[in-house]
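The values are calculated or read from the model by the stated rules, or taken from the named source; none is laboratory data. This one's a predicted model, so the numbers in the text were calculated from it and none came from an experiment. Cβ placement follows ideal geometry from the backbone for every residue including glycine, while neighbour counts extend to all protein chains displayed. Areas reflect the complete protein model, heavy atoms only, side chains present, ligands, DNA and RNA absent. Shrake-Rupley method; radii C 1.70, N 1.55, O 1.52, S 1.80 Å.
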Amino acid sequence: MRKKLVSRLLFSLVIMLALTFLVFALSSLIKGNVVDTMLGGEEAGTISEEAYNALLHQYGLDQPVPIRYWNWLVDVLHGDLGTSVAQNRSVASLLSQRIGPTLLLSGTSLLISIIISLPLGIMSAYKPYSIWDNFASGVAFISSSMPGFMVCLFAIYVFSVKLGIFPTYGMYYSNQPQTIGNLLIHLALPALVSGLTMTGGLIKQTRSAVLEVMNEEYIKTARSKGLAEFKVVVRHGFRNALIPIITQISLSLPYLVGGSVVIEQIFSWPGMGSLIISSIYARDYDPVLGCCMVICAVVLLGNILVDFVYLLVDPRLSKER
Amino acid sequence: MKKRTKLCRIVSMVLAATMTFMLAACGSGETSGDSTLSSAAGTSAETAASAANGKSLVYALNKTSWNTLVPWYATTTNSWMIQRCLYEPLIQAGETELVYCAAESIDVQEDGSYWEVHLNPGVTWHDGTPSTAEDWVWTLETITNPEFGTFTESVQFSNIQGTNELGFLAEGETLGVELIDDYTFSIRWKTPISVEAFVDLSNTWRAAPKHLLENIAVADLGTDEFWTHPVGNGPCIFESEPVTGQEIRFSANKDYYLGTPQWDYVTYVVVDSTNAANAYLNGEIDFCTATLSTEILEELDGQNGLHVERGNSRTISMLSINNSKFNARVRYALSLLIDKQALVDAIAGGDGEPQGDNVLIYLDSYIPYEHVVDVETAKQILEEENFDFTQSIKLGVANGNENTGMIIQQGFQSAGVQCEIISGEFTSILTMQADGDTDCSLQSWYEKFDPVSQYTNFGPETGAYIHTTETKYIELADKIHFCTDEAEKTELIHEWQELLRTECPMIFLYSKPVYFVMSSKLVGGIQSGVMDMPWLWELAE
């Protein structure tokens, strides 16, 4: 078991390394650099070429990509994630401010998605082609087909502008104390939208997994023993269908941690997504690489955690290993 | 069974710890002094409570947050707005004229190579200490010290005598800044500079309080804790930054030398432009810098006490064109092919003016521009200049401006000039233009009081987008800046307009007014020239 864990962790490190190199290489292909954006923009044209080249040299941007990557990697191995040129601050300090809001938003979204999807998926599998099934299919269809930003704007219009229930942006009300209640009311709408956009796949996966299990012999045995229907469905049916459902949830991890960029931007949620966006616009790639590393680490650790959960829900896997 | 229960327990504990960490981390952005969450939240709560009692405004910045509270590190418009709240600049651009701020007057001597800056004695730091010439001299000496460390905006100080190309003191040199008396200091420049030209090149020229910072090592100054609760000398006093880069609160500086702001508190927040209209309607913001479409402006006007105001200043759109590839006659011919009125109608909804140069249309020296589309003359000039009609002009257009690009493309095609539109993200388009990958690209900027504002864009060294080798544009701009005789200045401005209209180093397209939405708390009268100065706003009774 320990051997397996170590090999998974080593493999994860290789993936992380490959990913950072890919991001580094791709970002170097994009037109412009951080000095261009800091001193340029619409009203650019105010420094001489000599000063421009000197700045590039100061930030090491005049070096070839492999050397820059190597320097960055050596710094990372020494615990230095680099410096944001645009913000003149260490990437570590930026990430420490942004990771909390992102994890809170993504964690809540995942919870909402699970709370909505699992009962709907189970019900639609238990009573196929019923009104429940049609309703679940409708929710899944809307969730999968509506673009995230459309759902955001629609939700803001309905729940904030028309009904006045939730605020439209930010993490706290301006000019009000930062209480948990203040935070939760700001969290509700982005988390709901983010959670809803993930429910489609999960409903469908739950339905198909539970439907498959419900035709198994042991379900018939459980019923013939006279077990209550709820116990048959939840204890025997749903439990045995958990593996593909957990796989589906684990697949949504990258989206949750790194993919809620649009939602964070529209709701002005101060997480990693908005940091990635502003850093890309500024061609300030150290924070982007830092965010990628965090996202990669969370996803890889999440996958390892999912492996453990597999063992928890299916003891046969433990015996096989 | 026992093993599984244990595993369940571990998973539950991990989940609980994660949730606790997430909630705790959400408060880590608090920077109101003490770094502990509880005390910081307490300070924030007190500020918030007091803000709720007084007259407060919420000012929304579009999309991007400010990047720092260290004045010399500010690199974006939103950052400069925040810095302007905290610190007084020497001078700044007003609506139609230059405004003296921390500097009461500037004696420009030796043809612009030597300045004597006389400071306004009314300016004080927020702790009550007078802001003096000693602060300015100490600041300039400190941030040009190589030990201070690299920052992109250091180049703004590179014209001071004794500095290198990055704005740091060169080895063996003496800095050209000298203290004369408590409220006077001098600057010796490498290249003569006018006061008008200085405005555009001095966004990070701010003094810091020497008495609070002089004991900090120069190398640590930029990262010192001081900047988490800075003491400035501007109209706004820092209260707290509850969410770093997302929300910052100021109280009014009651001793501000230009008069006390009418509000007690102002909070700057970041709102995405797609969500600005909703935030207005929901009563969460009083003002937003986002440019809203005509349809949205019409929809907002009158709702929930919101009202739309037209600013005096305008935005001006132009085509940066590669001067080394297209000579003056060809550029003029191409400008004759563009239907600028069609652009005004299609893009500005008819509410704008075709433009031939960048001089403000309401300045006395402005010569009215008569726009004509003349395909025949253009064709004739192009043929005389042996223009290669088989080539395709690459036109760079930032996302969202494709309509403008298409109207220009149609104009070019009317004379048989082929044109290919390359659209992309704004920075990429600008970089492509600078690298010569596109032949021309669309840009826009705010018109300023200075008839030759953005003049460095026309220079051979600094005009990155027009690739010119001509020095006459920048020389004429300098002449205008240094001219003290009004009649002569007007003549020179006319010459500038003529030059831009006939040689088209940039092809100016059109200008349009800027509209703002304000909540019921604000009375009209906001001008875009003072958009970043809410301390001058009038509040409703």
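When A:Ser143, A:Ser174 are checked against the criterion of being part of a helix (DSSP H, G or I), hydroxyl-bearing (Ser, Thr, Tyr), in the same structural domain as A:Ile263 (by TED's automatic domain parsing) and open to solvent by less than 30 Å² (accessible area, probe 1.4 Å), A:Ser143 stands alone in meeting it.
Taken over region B:417-436, the criterion of being in a strand (DSSP E or B), under 21 Å from A:Ala282 (Cα atoms) and open to solvent by 50 Å² or more (accessible area, probe 1.4 Å) is satisfied by B:Ser423 alone. Screening region A:184-275 for helices (runs of 4 or more DSSP H) wholly inside it with 3 or more residues that are within 30 Å of B:Val270 (Cα to Cα) and assigned by TED's automatic domain parsing to the domain that holds A:Tyr169 returns the ranges A:253-258, A:261-266.
Residue-by-condition table, conditions (1) of a type in the set (Asp, Glu); (2) within 26 Å of B:Val123 (Cα to Cα):
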position	(1), (2)
B:Ser158	no, no
B:Asn164	no, no
B:Leu169	no, no
B:Glu173	yes, no
B:Val177	no, yes
B:Thr184	no, yes
B:Ile187	no, yes
B:Glu196	yes, yes
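Annotation: A:Phe159 fulfils all but one of (1) within 30 Å of A:Ser274 (Cβ to Cβ); (2) under 22 Å from the mean Cα position of the chain (by Cα); the unmet one is (2).
Residue check: B:Met406 meets all listed conditions (1) open to solvent by less than 60 Å² (accessible area, probe 1.4 Å); (2) of a type in the set (A, V, I, L, M, F, W, C); (3) assigned to a helix (DSSP H, G or I) but one, namely (1).
Please go through region B:265-312 and pick out each residue that is open to solvent by 50 Å² or more (accessible area, probe 1.4 Å) and under 27 Å from B:Tyr87 (Cβ atoms). B:Thr291, B:Asn312, listed by residue number.
Look at (1) buried (at least 19 other Cβ atoms within 10 Å of the Cβ); (2) at pLDDT below 85; (3) among the aliphatic types (A, V, I, L, M) and you find that A:Val234 fails only one, number (1). In the set B:Pro121, B:Pro89, only one residue is open to solvent by 10 Å² or more (accessible area, probe 1.4 Å), touching a residue at least 40 places away in the same chain (Cβ under 8 Å) and part of a loop (DSSP other than H, G, I, E, B); that residue is B:Pro121.
Note on region A:177-204: among residues that are surrounded by 23 or more Cβ atoms within 10 Å (Cβ to Cβ) and among the β-branched types (Val, Ile, Thr), the one that is farthest from the chain's Cα centre (by Cα) is A:Ile203.
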